[in-house]
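For reference, the structure discussed in these notes is given below.
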Amino acid sequence: MIAIWINYVAAALLAYIVLLNLRHGSIPNWGVLALVGLFVVKVIAGWGDFVLWHQLVFAACALALGLAFYATEGFGGGVVKLMFGASLFMPPAQWAWMLFAFVALTILVTVLSVLVRRTIGNEESSWAVLQGKIVPMAVPIAITAWIGIFVF
């Protein structure tokens, strides 16, 4: 039973990380460490070893993909960390759907952030997304994780 509640805590933590990303333009290290810690607690609480290894392989693939984008300056370091932490809670059996959702949401968030900047953006805003400093990549990562946690 506790393993199910850990998913809810992870989803709430992802929502807070998204808010911080929109506000400050960065993804905190403690947020990703908390996601990893929640995954460890979930494993200890009785999640099966079979799923554990598949989750770790899926997370390692997400980390490798993120590092490849980081090397080409496509993603920042915070995005790579969050991809790893969030992928611990996504179902590896649905990797193709998760990848499709992430790519589609990334395109949508990029277009929306450009539109928001052009319409209500302001250099003096206290929100990093409105200043035009970032494309908030925590949003598609979190939504993809929520789909993985609650839909699949």
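Taking neighbour Cβ counts within 10 Å as the exposure measure, how do 98, 1, 90 sort from fewest upward? Numbers along the way, then the final one.
On the way: 98 22, 1 6, 90 25.
By the 10 Å Cβ count, ascending, the order reads 1, 98, 90.
For the chain, the fraction of C-alpha pairs more than 28 angstrom apart is 19%.
Every helix of 4 or more DSSP H residues in the chain counts as -39500 (n - 2.57), and over all residues that averages to -25500 deg cm²/dmol at 222 nm. Taking the C-alpha atoms only, the angle from helix 138-150 to the longest principal axis of the chain is near 30 degrees. Work from the charge dipole of the chain (Cβ charges, +1 for Lys and Arg, -1 for Asp and Glu, about the Cα centre) and give the residue of 52, 108, 39 farthest towards its positive end. Checking the options against the dipole of the chain, the answer is 108. Axis angle, to the nearest 10 degrees, between helix 29-44 and the longest C-alpha principal axis of the chain: 20 degrees.
Using the count of nearby Cβ atoms within 10 Å as a rough guide to exposure, how do 16, 70 rank from fewest to most? Could the numbers behind the result be given before it?
On the way: 16 13, 70 17.
Result, fewest neighbours first: 16, 70.
Between residue 29 and residue 116, the contour length at 0.36 nm per residue exceeds the alpha carbon distance by 28.6 nm. Centre-to-centre, using Cα atoms only, the stretch 49-124 and the stretch 1-35 are separated by 14 Å. Note on the chain: GNM, Cα springs under 10 Å; of 81, 133, 42, the largest mean-square fluctuation is that of 133.
Values quoted throughout were computed directly from the atomic coordinates according to the rules given, and no laboratory measurement underlies them. Source: prediction; values computed, not measured. All Cβ positions, glycine included, derive from the backbone under ideal geometry; neighbour counts span all protein chains shown.
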